[in-house]
Each structure stands twice: as C-alpha cells, then as structure tokens.
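In what follows, a structure is listed as structure tokens, so that the remarks can point back to it.
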Amino acid sequence: MVYDFDTVIDRTPMSSTKWSFRKERTGVADVLPMWIADMDFACAPEIVEAVKARAAIPIYGYTQRTDGYYDGLIKWMKKRHRWSGIQRDWILFSPGVVAGFNYAIQAYSHPGDKVIIQPPCYYPFMDAITNNGRQIINNPLKIVEGNYVMNYEDLERKIDGRTKMIILCSPHNPVGRVWKRNELEQLVDVCEKKDIVIVSDEIHNDLILGKTMHTPTATISEEAMQRTVTLVAPSKTFNLAGLTTSSAIIRNKKLRDTYQNIIENNRTRNTNIFGIVAQEAAYTKGEAWLEELLVYLRGNLMYLEEFIKEKIPGLKVYPLEGTYLAWVDCTSLGMVDEALKEFMLRKAKLWLDEGLMFGCGGSMFMRINIACPRSVLKQALGRLEKAVKLL
Ligand SMILES: Cc1ncc(COP(=O)(O)O)c(C=O)c1O
C-alpha cells in the first residue's frame, strides 16, 4: 500500500465529535468510539496539500465555488458512477447533506404533508421531517433470506394525496445495502405512478465493499432523472465532514428553481473555502487513495465477520455491501435495548450507535463504525468478546 491506514492518530485533543467528549456524553472516559460516521484515517495527502496551499494565501473571505469544484464533481460522477451529461447548472448548493434534505423537505412539501422513509434509516431523516412540521410515513425494509429489501406494495399503499416525497438512502445507512438497479427501477416505478419526488441521499456512493456497483437513482430512466434530487458530498469518501461541503444535483428545472428559492430564503450560499479546494483535489487526485481505502475497509470487514463468527457466534453481522457501518443483530445476548446500550458502554467499553435510534426495525441492533486502523478494531472486538464471556 502507498497510503497509510494503520497509524493511530490521537484525535482526543482535536475537539473531535467522535473522540473528545466521551466522558461528557457517555459517562465513561475510556470508551472506544465507533459511532458517528467519520473515519480515523488521515486524509489523502493530495487533499492535505491542496488545503495547505490555500491556507498559505492569507485571505479567507467570501468565496464562490470554482470551475474546478464543478468540473471535478461532474467528471467523478461520470467515471465512478457512469452518470454522464451532468450540467453545471444542475449542481446546487448545500453546506451538508443533512441541510440538503431539510431544504428539499421545505421545497417540495408543506407543513402537514407526508414524507416517506425506509427504516431502519439514518435518524436525521426523521428529525428533518418532524422539525419541519411534516408527517413521517414509515415504509419499513423487510428482511428476506438474511438481507434487507424494500417493500414496494407497502410503499404504494401508503402514498396518498398528501404524500409529497420519499427520502431514499442509497447506499443504505445503517443496513449496508447497495441497491441493485432492478430494485431502484421498482422504486422509481411506484414514485412515478404516484407522482412523488425522490430525494436520494447518496453520500455513501463511493464506499462500495461488495460486488454490487452503486447506481445513482437519477440514472435509472428519464422519468427518474426528472423527479430525483441527488445529494452528494466528498465528506464520507474522503473524511472531510469538518469542511461542510456538499451539492444537490437536480435535472428538472422546476425542482431546481424551488430548491434554489429555499437557499435564497435561508441566505445560505457561502461555501467553506477549504471545502472547495478539498473537493477539487479529492475528485481529481484522490482516486488512488480511495481504491486503497476500500481494500483496507474490506480487510476490516473480513476481520470483523471472522472474529464474530469464531468468537461471538451469537451475534449476526448483516452483509455490508456499502458504507463502513456494520449492522449487527445482538438479540442473542438476551437483553432489552437499554440494557444492551449500557452493556456496550460500561462492560464492553464501546460507544456504538444503538439500533433503536434508526427507527422501527432497529431494536436490539448496534451499528459499528469499522473505519479505523485495524489495531483499534482488534482492540474493540477483544473488549466485546471479553464482556460477552462474563455474561
Ligand atoms: C446517509 C447520511 N446522510 C447524511 C450524512 C451527513 O451528511 P452531512 O455531514 O453532509 O450533513 C450522513 C452521515 O453519517 C449519512 O450517513
């Protein structure tokens, strides 16, 4: 490997959300944090160089997204995701993907309207819907032959005149599915028939660990292209969450104008200056780093799966096709959710995201972030094994 994913970097002094507030947030100072979705790896040196070069110019005033920002994204989507023909004016501003789906809710629905999600799912989807005064409609995923699938009949049944949109997570956090083309086709068919907007959160699009390639929802068909708002960012792929930079790609002019109105109304047009150069460097020079990252993450996943199979066989790790967030069924430990959380924190000394946060279907699950040096993963699993043995 050219790049280093093994070095453990102490993030505690960095005011890191994941590492620096362990005692305050959990009551346990020495928990290993494997919850929030960022990685404990150094960024690609190509990105660090670009940020340093910009930091050396000592004016950090209001700055617009550059040609390099847009061109890098357009080329990346074509090369990595087979989406050609994206026009620059289809790319709209968003400071982050969470902000992006909040804007989309405000743009395409009114208070009291219904928005569909597919739980267990990324919990800020639910907050965004309720905080904006809309109603959550759950279209829960089903487990069929040991893996999660969508329930199209339930989806179609639940869409009525007040239902304006679905927030799709693709790849899906936390269940780790990378939706196959034919699965997305069926979803698009229902959304087309019932005439609702698809907001496709594709923040994990580059983090593909299994055999299925990511398909951008918008590329399913011309109909899909016309009703999809695609939210993307370099933040998960390249570990840039602190640079708050993302984009909404919207083909349909009416949807685009409505979204842009929300941006104008909120006066949120200013991009993080380092995010601009970091995104350009990531998408133009970061591919080799990403390829090695994926090899490393696949190695971590294999380590996790084998360790659990051998040493804690009661736990079930769902197939992790995409994202670096493993979804683990802990039912066999025989606890209720609150006890499971306490067990992980106080006995295993692991800070994980408990399944219940992700809505229905999450009970007795834990989400484990495996984007860390292998030595840290080994330590974490060692702690878990020891704690389970003492039960
Ligand atoms: C599905 C999904 N969307 C959005 C985000 C966060 O996006 P941002 O930090 O750009 O707001 C995450 C982070 O974990 C995520 O998993």
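The values are calculated or read from the model by the stated rules, or taken from the named source; none is laboratory data. Just so it is clear, the structure is predicted and the values come from calculations on it, not from any experiment. Positions of Cβ are backbone-derived with ideal geometry, glycine not excepted, and every protein chain shown enters the neighbour counts.
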Conditions (1) surrounded by 18 or more Cβ atoms within 10 Å (Cβ to Cβ); (2) of a type in the set (Gly, Ala, Ser); (3) part of a helix (DSSP H, G or I) -> Gly299 fails only (1)
Selection from segment 325-350 of residues over 21 Å from Pro313 (Cα atoms) and of a type outside the set (Asp, Glu) yields Arg346
Q) Does Arg298 satisfy being more than 21 Å from the chain's Cα centre (by Cα) and touching a residue at least 40 places away in the same chain (Cβ under 8 Å)? A) no
Considering segment 33-56, residues that are assigned to a loop (DSSP other than H, G, I, E, B) and aliphatic (A, V, I, L, M), and then whichever is nearest to Asn173 (Cα to Cα), we arrive at Ala37
query = Does Ile9 satisfy the criteria of being without any contact (Cβ under 8 Å) to a residue 40 or more places away in the chain, among the aliphatic types (A, V, I, L, M) and closer than 24 Å to Leu297 by Cα?
reply = yes
- Message: Taking the conditions exactly as written (more than 16 Å from the ligand (Cβ to nearest atom), surrounded by 21 or more Cβ atoms within 10 Å (Cβ to Cβ) and within 23 Å of Glu49 (Cα to Cα)), does Leu293 satisfy them or not?
- Response: yes
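With respect to Leu325, determine if the residue is touching a Lys or Arg at 6+ places or on another chain (Cβ under 7 Å), within 16 Å of the ligand (Cβ to nearest atom), within 17 Å of Leu209 (Cβ to Cβ) and not hydroxyl-bearing (Ser, Thr, Tyr).
Yes: the conditions hold for Leu325.
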| message | Regarding segment 171-193, can at least one residue be identified that is more than 16 Å from the ligand (Cβ to nearest atom), touching a residue at least 12 places away in the same chain (Cβ under 8 Å) and of a type in the set (Val, Ile, Thr)? | response | yes
Check: What do you reckon, is Glu342 free of Cβ contacts under 8 Å to residues at least 12 places away in the same chain and charged (D, E, K, R)?
Finding: yes
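The rows are residues; the columns are (1) of a type in the set (Lys, Arg); (2) more than 30 Å from Ile86 (Cα to Cα); (3) at pLDDT 95 or above; (4) surrounded by 12 or more Cβ atoms within 10 Å (Cβ to Cβ).
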| position | (1), (2), (3), (4) |
| --- | --- |
| Phe5 | no, yes, yes, yes |
| Arg11 | yes, yes, yes, yes |
| Met14 | no, yes, yes, yes |
| Ala37 | no, no, yes, yes |
| Asp40 | no, yes, yes, yes |
| Ala44 | no, no, yes, yes |
| Ala53 | no, no, yes, no |
| Ala56 | no, yes, yes, no |
Reported set for segment 30-72 where residues are touching a strand residue (DSSP E or B) at 6+ places or on another chain (Cβ under 8 Å) and more than 30 Å from Arg367 (Cα to Cα) is Arg65, Tyr70
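A quick yes/no check of all residues on (1) over 24 Å from Ile136 (Cα atoms); (2) loosely packed, with under 14 Cβ neighbours inside 10 Å:
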residue	(1), (2)
Ser332	yes, yes
Asp337	no, no
Leu345	yes, no
Trp351	yes, no
Leu356	no, no
Ile370	yes, no
Pro373	yes, no
Glu385	yes, no
Being surrounded by fewer than 18 Cβ atoms within 10 Å (Cβ to Cβ), within 14 Å of the ligand (Cβ to nearest atom), small (Gly, Ala, Ser) and at pLDDT 95 or above narrows Gly242, Gly210, Gly275 down to just Gly242
Over segment 212-242, the set of residues aliphatic (A, V, I, L, M) and touching a Leu at 6+ places or on another chain (Cβ under 9 Å) is Ile220, Ala224, Val229, Val232, Ala233
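Taking Ile136 as the residue in question, decide whether it is part of a strand (DSSP E or B), surrounded by fewer than 23 Cβ atoms within 10 Å (Cβ to Cβ) and of a type outside the set (Lys, Arg).
yes
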